[in-house]
Amino acid sequence: MSEPMSQGTSNGVGAAAAARAFLDAFAGKDTDAALALLTDDVVWHVDGAPEVPTVGLLQGRARVKEWIEGFPDAFEPRGFRLSPIIDGGTEAIVPGWFRYLVRTTQRTVEGDFTMRFTVRDGLISHYQIYEDSLALALAFAADLTGPPGSQRLRVNDIVYGYDDVGCGPVVLFLSGRDTDRSVFAAHVLALQDRYRCVSLDLPGRGATTLPPEGWTPRGVADDLALMIREKGWLSATIVGHAHDAPVGTELATRHPGLVGQLALLPAGDAVTDASVTDASDGPAELLADLLRTGG
(Lines give C-alpha, C1' and ligand atoms only; values in the text may rest on other atoms or scores of the structure.)
Protein backbone atom coordinates (compact mmCIF):
# COMPACT_ATOMS: atom_id res chain seq x y z
CA MET A 1 0.00 0.00 0.00
CA SER A 2 1.28 3.45 -0.82
CA GLU A 3 2.08 6.10 1.77
CA PRO A 4 -0.58 8.73 2.50
CA MET A 5 0.05 11.75 0.30
CA SER A 6 0.64 14.09 3.24
CA GLN A 7 2.76 11.73 5.34
CA GLY A 8 6.32 12.82 6.06
CA THR A 9 9.42 10.82 6.82
CA SER A 10 10.42 9.73 10.30
CA ASN A 11 12.11 13.04 11.09
CA GLY A 12 9.25 15.11 9.70
CA VAL A 13 10.91 16.15 6.42
CA GLY A 14 8.84 15.06 3.43
CA ALA A 15 10.17 14.03 0.05
CA ALA A 16 8.73 17.11 -1.65
CA ALA A 17 10.65 19.46 0.65
CA ALA A 18 13.86 17.47 0.18
CA ALA A 19 13.43 17.40 -3.59
CA ARG A 20 12.79 21.14 -3.74
CA ALA A 21 15.83 21.86 -1.56
CA PHE A 22 18.04 19.67 -3.76
CA LEU A 23 16.82 21.27 -6.99
CA ASP A 24 17.35 24.75 -5.56
CA ALA A 25 20.91 23.84 -4.54
CA PHE A 26 21.59 22.24 -7.93
CA ALA A 27 20.28 25.29 -9.79
CA GLY A 28 22.38 27.54 -7.55
CA LYS A 29 25.51 25.42 -8.21
CA ASP A 30 25.83 24.83 -4.47
CA THR A 31 27.28 21.32 -4.59
CA ASP A 32 27.90 21.07 -0.85
CA ALA A 33 24.28 21.97 -0.04
CA ALA A 34 23.03 19.44 -2.60
CA LEU A 35 25.24 16.65 -1.24
CA ALA A 36 24.14 17.38 2.33
CA LEU A 37 20.63 16.33 1.30
CA LEU A 38 21.73 12.83 0.21
CA THR A 39 22.23 9.62 2.17
CA ASP A 40 25.72 8.08 2.19
CA ASP A 41 24.48 5.17 0.05
CA VAL A 42 22.31 7.23 -2.32
CA VAL A 43 21.52 5.62 -5.70
CA TRP A 44 21.46 7.77 -8.86
CA HIS A 45 19.56 6.17 -11.77
CA VAL A 46 19.61 7.68 -15.28
CA ASP A 47 18.70 5.35 -18.17
CA GLY A 48 19.94 5.85 -21.72
CA ALA A 49 22.94 5.54 -24.01
CA PRO A 50 26.27 5.39 -22.15
CA GLU A 51 27.72 7.91 -24.62
CA VAL A 52 25.68 10.53 -22.75
CA PRO A 53 27.94 11.46 -19.81
CA THR A 54 25.09 11.88 -17.32
CA VAL A 55 23.65 8.40 -18.00
CA GLY A 56 24.25 5.39 -15.77
CA LEU A 57 23.77 3.89 -12.33
CA LEU A 58 25.76 5.48 -9.52
CA GLN A 59 25.93 4.82 -5.80
CA GLY A 60 27.37 6.97 -3.06
CA ARG A 61 27.80 10.68 -2.47
CA ALA A 62 31.27 10.81 -4.02
CA ARG A 63 30.03 9.55 -7.38
CA VAL A 64 26.98 11.80 -7.31
CA LYS A 65 29.31 14.72 -6.53
CA GLU A 66 31.19 13.97 -9.78
CA TRP A 67 27.85 13.78 -11.63
CA ILE A 68 26.73 17.16 -10.29
CA GLU A 69 30.05 18.84 -11.03
CA GLY A 70 30.25 17.32 -14.52
CA PHE A 71 26.75 18.35 -15.58
CA PRO A 72 27.72 21.91 -16.67
CA ASP A 73 30.56 20.49 -18.78
CA ALA A 74 28.02 18.52 -20.82
CA PHE A 75 25.07 20.90 -21.01
CA GLU A 76 24.41 24.61 -21.34
CA PRO A 77 20.90 25.45 -20.06
CA ARG A 78 18.61 27.10 -22.61
CA GLY A 79 15.30 26.64 -20.85
CA PHE A 80 13.92 24.85 -17.80
CA ARG A 81 10.63 24.75 -15.92
CA LEU A 82 9.11 22.64 -13.21
CA SER A 83 5.48 21.72 -12.63
CA PRO A 84 4.07 21.46 -9.09
CA ILE A 85 5.73 18.70 -7.10
CA ILE A 86 3.57 15.70 -6.19
CA ASP A 87 4.24 14.75 -2.57
CA GLY A 88 3.90 11.07 -1.75
CA GLY A 89 5.37 11.20 1.74
CA THR A 90 8.54 9.16 1.22
CA GLU A 91 8.52 9.80 -2.53
CA ALA A 92 8.19 12.97 -4.58
CA ILE A 93 7.35 13.16 -8.29
CA VAL A 94 8.66 16.23 -10.12
CA PRO A 95 7.41 16.77 -13.70
CA GLY A 96 9.06 19.37 -15.89
CA TRP A 97 10.59 20.40 -19.20
CA PHE A 98 14.18 21.12 -20.26
CA ARG A 99 16.06 22.61 -23.18
CA TYR A 100 19.84 22.25 -23.29
CA LEU A 101 22.68 22.90 -25.68
CA VAL A 102 25.04 19.93 -25.86
CA ARG A 103 28.49 21.48 -25.65
CA THR A 104 30.40 18.82 -27.60
CA THR A 105 28.10 18.78 -30.66
CA GLN A 106 26.40 22.19 -30.38
CA ARG A 107 23.05 20.43 -30.84
CA THR A 108 19.96 21.49 -28.93
CA VAL A 109 17.82 18.93 -27.14
CA GLU A 110 14.54 19.48 -25.34
CA GLY A 111 11.75 17.44 -23.88
CA ASP A 112 9.53 16.63 -20.94
CA PHE A 113 10.80 14.68 -17.96
CA THR A 114 9.67 13.25 -14.65
CA MET A 115 12.02 12.96 -11.68
CA ARG A 116 11.36 10.63 -8.75
CA PHE A 117 13.01 11.28 -5.40
CA THR A 118 12.84 8.74 -2.57
CA VAL A 119 13.62 9.95 0.95
CA ARG A 120 14.81 8.00 3.99
CA ASP A 121 15.11 9.73 7.37
CA GLY A 122 14.78 13.13 5.73
CA LEU A 123 17.55 12.54 3.16
CA ILE A 124 17.34 11.58 -0.50
CA SER A 125 18.23 7.89 -0.85
CA HIS A 126 17.25 7.34 -4.49
CA TYR A 127 16.91 9.50 -7.59
CA GLN A 128 15.59 8.46 -11.00
CA ILE A 129 14.68 10.51 -14.06
CA TYR A 130 12.40 9.48 -16.92
CA GLU A 131 13.19 11.44 -20.08
CA ASP A 132 13.59 11.12 -23.85
CA SER A 133 16.81 9.10 -23.83
CA LEU A 134 16.76 8.68 -27.63
CA ALA A 135 16.70 12.44 -28.19
CA LEU A 136 19.62 12.84 -25.79
CA ALA A 137 21.60 10.08 -27.52
CA LEU A 138 21.05 11.69 -30.93
CA ALA A 139 22.09 15.08 -29.57
CA PHE A 140 25.41 13.59 -28.45
CA ALA A 141 26.00 11.62 -31.68
CA ALA A 142 29.05 13.18 -33.32
CA ASP A 143 28.43 11.40 -36.63
CA LEU A 144 24.83 12.57 -37.02
CA THR A 145 24.33 14.33 -40.35
CA GLY A 146 22.65 17.70 -40.72
CA PRO A 147 23.18 21.04 -39.00
CA PRO A 148 23.25 21.16 -35.18
CA GLY A 149 19.74 22.57 -34.85
CA SER A 150 18.11 20.20 -37.33
CA GLN A 151 14.86 18.61 -36.10
CA ARG A 152 11.94 16.62 -37.53
CA LEU A 153 8.48 16.30 -36.02
CA ARG A 154 5.32 14.54 -37.20
CA VAL A 155 2.24 16.73 -36.80
CA ASN A 156 -0.96 15.05 -37.95
CA ASP A 157 -0.32 13.96 -41.58
CA ILE A 158 2.97 15.78 -42.23
CA VAL A 159 6.54 15.33 -40.99
CA TYR A 160 7.98 18.84 -40.67
CA GLY A 161 11.69 19.56 -41.00
CA TYR A 162 13.01 22.59 -39.15
CA ASP A 163 16.06 24.12 -37.50
CA ASP A 164 15.89 25.32 -33.90
CA VAL A 165 18.80 27.46 -32.70
CA GLY A 166 19.43 30.37 -30.36
CA CYS A 167 17.82 31.48 -27.14
CA GLY A 168 15.20 34.11 -26.32
CA PRO A 169 11.80 35.09 -27.75
CA VAL A 170 10.75 32.73 -30.54
CA VAL A 171 10.91 33.79 -34.20
CA LEU A 172 9.31 31.24 -36.55
CA PHE A 173 10.50 31.51 -40.16
CA LEU A 174 8.29 29.86 -42.80
CA SER A 175 9.92 28.85 -46.07
CA GLY A 176 8.26 29.78 -49.34
CA ARG A 177 6.53 27.37 -51.70
CA ASP A 178 9.56 27.54 -54.00
CA THR A 179 12.33 27.69 -51.38
CA ASP A 180 13.46 25.76 -48.33
CA ARG A 181 14.34 27.08 -44.90
CA SER A 182 17.95 27.80 -45.89
CA VAL A 183 16.70 31.04 -47.49
CA PHE A 184 16.65 32.51 -43.98
CA ALA A 185 20.18 31.38 -43.01
CA ALA A 186 21.59 34.92 -42.86
CA HIS A 187 18.66 36.17 -40.80
CA VAL A 188 19.03 33.33 -38.31
CA LEU A 189 22.76 33.98 -38.03
CA ALA A 190 22.08 37.62 -37.15
CA LEU A 191 19.30 36.90 -34.66
CA GLN A 192 20.26 33.71 -32.84
CA ASP A 193 22.20 35.49 -30.11
CA ARG A 194 19.03 37.33 -29.07
CA TYR A 195 16.18 35.14 -30.30
CA ARG A 196 15.26 31.50 -30.53
CA CYS A 197 15.07 31.03 -34.29
CA VAL A 198 12.93 28.22 -35.67
CA SER A 199 13.09 27.99 -39.48
CA LEU A 200 10.63 25.55 -40.99
CA ASP A 201 10.10 23.99 -44.41
CA LEU A 202 6.58 24.09 -45.79
CA PRO A 203 5.17 20.77 -47.13
CA GLY A 204 7.07 19.43 -50.10
CA ARG A 205 10.08 21.67 -49.52
CA GLY A 206 13.39 20.75 -47.91
CA ALA A 207 12.97 18.08 -45.22
CA THR A 208 9.17 18.38 -44.87
CA THR A 209 7.05 15.65 -46.40
CA LEU A 210 4.26 16.21 -48.92
CA PRO A 211 1.11 14.22 -48.13
CA PRO A 212 -0.47 12.39 -51.10
CA GLU A 213 -3.66 14.43 -50.79
CA GLY A 214 -1.74 17.70 -50.83
CA TRP A 215 -2.03 20.46 -48.26
CA THR A 216 -3.87 23.69 -47.58
CA PRO A 217 -2.70 26.88 -45.82
CA ARG A 218 -5.43 26.38 -43.23
CA GLY A 219 -4.35 22.82 -42.50
CA VAL A 220 -0.69 23.80 -42.16
CA ALA A 221 -1.64 26.78 -39.99
CA ASP A 222 -3.52 24.44 -37.66
CA ASP A 223 -0.52 22.09 -37.59
CA LEU A 224 1.75 24.98 -36.68
CA ALA A 225 -0.65 26.14 -33.97
CA LEU A 226 -0.53 22.68 -32.41
CA MET A 227 3.26 22.69 -32.63
CA ILE A 228 3.50 26.18 -31.08
CA ARG A 229 1.26 25.22 -28.15
CA GLU A 230 2.96 21.92 -27.42
CA LYS A 231 6.48 23.30 -27.83
CA GLY A 232 5.75 26.36 -25.69
CA TRP A 233 6.56 28.86 -28.47
CA LEU A 234 3.77 31.21 -27.38
CA SER A 235 3.67 34.80 -28.70
CA ALA A 236 6.04 33.83 -31.49
CA THR A 237 6.95 36.28 -34.22
CA ILE A 238 6.02 34.69 -37.55
CA VAL A 239 8.17 35.61 -40.55
CA GLY A 240 7.25 34.56 -44.08
CA HIS A 241 7.24 35.62 -47.69
CA ALA A 242 4.46 37.91 -48.89
CA HIS A 243 3.81 35.72 -51.92
CA ASP A 244 3.20 32.80 -49.54
CA ALA A 245 1.19 34.86 -47.08
CA PRO A 246 -1.79 32.47 -46.64
CA VAL A 247 -0.05 30.22 -44.09
CA GLY A 248 1.07 33.13 -41.91
CA THR A 249 -2.21 35.01 -42.19
CA GLU A 250 -4.25 31.87 -41.51
CA LEU A 251 -2.14 31.22 -38.42
CA ALA A 252 -2.55 34.78 -37.13
CA THR A 253 -6.28 34.87 -37.94
CA ARG A 254 -7.28 31.44 -36.64
CA HIS A 255 -4.94 31.40 -33.64
CA PRO A 256 -4.32 35.04 -32.68
CA GLY A 257 -3.36 34.19 -29.11
CA LEU A 258 -0.30 32.29 -30.34
CA VAL A 259 1.15 34.99 -32.59
CA GLY A 260 2.98 38.02 -31.23
CA GLN A 261 3.88 39.62 -34.57
CA LEU A 262 3.45 38.71 -38.23
CA ALA A 263 6.09 39.91 -40.69
CA LEU A 264 5.46 39.23 -44.39
CA LEU A 265 8.57 40.06 -46.37
CA PRO A 266 8.05 41.24 -49.97
CA ALA A 267 9.28 38.96 -52.72
CA GLY A 268 12.37 40.28 -54.43
CA ASP A 269 13.06 42.76 -51.66
CA ALA A 270 16.59 42.78 -50.28
CA VAL A 271 15.33 41.55 -46.93
CA THR A 272 14.63 38.10 -48.42
CA ASP A 273 17.86 37.80 -50.40
CA ALA A 274 19.37 34.45 -49.40
CA SER A 275 22.79 35.34 -50.77
CA VAL A 276 23.57 37.79 -47.97
CA THR A 277 26.60 36.69 -45.98
CA ASP A 278 27.36 39.78 -43.89
CA ALA A 279 24.49 39.82 -41.44
CA SER A 280 25.67 43.07 -39.88
CA ASP A 281 25.01 45.01 -43.08
CA GLY A 282 22.16 43.35 -44.91
CA PRO A 283 18.57 42.11 -44.84
CA ALA A 284 19.04 40.12 -41.66
CA GLU A 285 19.89 43.28 -39.76
CA LEU A 286 16.80 44.95 -41.21
CA LEU A 287 14.71 42.15 -39.76
CA ALA A 288 16.54 42.46 -36.44
CA ASP A 289 15.60 46.14 -36.38
CA LEU A 290 11.99 45.18 -37.06
CA LEU A 291 11.94 42.76 -34.13
CA ARG A 292 13.63 45.22 -31.78
CA THR A 293 11.12 47.94 -32.53
CA GLY A 294 8.11 45.65 -32.66
CA GLY A 295 7.17 47.18 -36.01
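When each of T118, T105, T114 is tested for being assigned to a loop (DSSP other than H, G, I, E, B) and outside the structural domain of S235 (by TED's automatic domain parsing), the lone residue that passes is T105. The single condition among (1) in a strand (DSSP E or B); (2) in contact with a Gly (Cβ under 7 Å, 6 or more places away or on another chain) that G89 does not meet is (1).
The rows are residues; the columns are (1) under 24 Å from A186 (Cβ atoms); (2) modelled with pLDDT of 55 or more.
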residue	(1), (2)
A225	no, yes
V239	yes, yes
G248	yes, yes
T253	no, yes
L262	yes, yes
P266	yes, yes
A274	yes, no
D278	yes, no
P283	yes, no
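Close Cβ contacts (under 9 Å, 6 or more residues apart or on different chains) running from residues in segment 123-143 that are within 16 Å of P50 (Cα to Cα) to residues that are assigned to a helix (DSSP H, G or I) and of a type outside the set (V, I, T) comprise F140/A74. For segment 219-235, the criterion of being within 25 Å of V109 (Cα to Cα), assigned to a strand (DSSP E or B) and either assigned by TED's automatic domain parsing to the domain that holds Q106 or not polar (S, T, N, Q) (or both) is satisfied by no residue at all.
If you filter segment 92-146 down to residues that are among the polar types (S, T, N, Q) and closer than 20 Å to G232 by Cβ, you find that the one that is nearest to the chain's Cα centre (by Cα) is T108.
Per-residue answers, yes or no, for (1) at pLDDT 95 or above; (2) outside any helix (DSSP H, G or I); (3) on the phi < 0 side of the Ramachandran plot:
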{"position": "P4", "(1), (2), (3)": "no, yes, yes"}
{"position": "S10", "(1), (2), (3)": "no, yes, yes"}
{"position": "F22", "(1), (2), (3)": "yes, no, yes"}
{"position": "A34", "(1), (2), (3)": "yes, no, yes"}
{"position": "D40", "(1), (2), (3)": "yes, yes, yes"}
{"position": "A49", "(1), (2), (3)": "no, yes, yes"}
{"position": "V64", "(1), (2), (3)": "yes, no, yes"}
{"position": "P72", "(1), (2), (3)": "yes, no, yes"}
{"position": "P84", "(1), (2), (3)": "yes, yes, yes"}
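State yes or no: is R205 farther than 29 Å from R81 by Cα and basic (K, R)? Quick ask: steps written out before the conclusion?
On the way: farther than 29 Å from R81 by Cα: yes; basic (K, R): yes.
Considered against the rule, which asks whether it is farther than 29 Å from R81 by Cα and basic (K, R), R205 comes out as yes.
Tally up the residues in segment 108-131 that are within 30 Å of D222 (Cβ to Cβ) and either at pLDDT below 95 or touching a helix residue (DSSP H, G or I) at 6+ places or on another chain (Cβ under 9 Å) (or both), please. Step through it out loud before you land on a result.
Going residue by residue through segment 108-131, those that are within 30 Å of D222 (Cβ to Cβ) are 108-114, 131.
From what is left, the residues that are either at pLDDT below 95 or touching a helix residue (DSSP H, G or I) at 6+ places or on another chain (Cβ under 9 Å) (or both) are 108-111.
The qualifying residues number 4.
Scanning segment 179-206 for residues that are part of a loop (DSSP other than H, G, I, E, B) and closer than 23 Å to C167 by Cβ turns up Q192, D193, R194, Y195, D201. Residues that are part of a strand (DSSP E or B) and within 9 Å of Y195 (Cβ to Cβ) within segment 157-172 comprise G166, V170, V171, listed in sequence order.
The values are calculated or read from the model by the stated rules, or taken from the named source; none is laboratory data. For clarity, every value in this text was computed on a predicted model and none was experimentally measured. For neighbour counting, all protein chains shown are included, and Cβ atoms are generated from backbone atoms with ideal geometry for every residue, glycine included.
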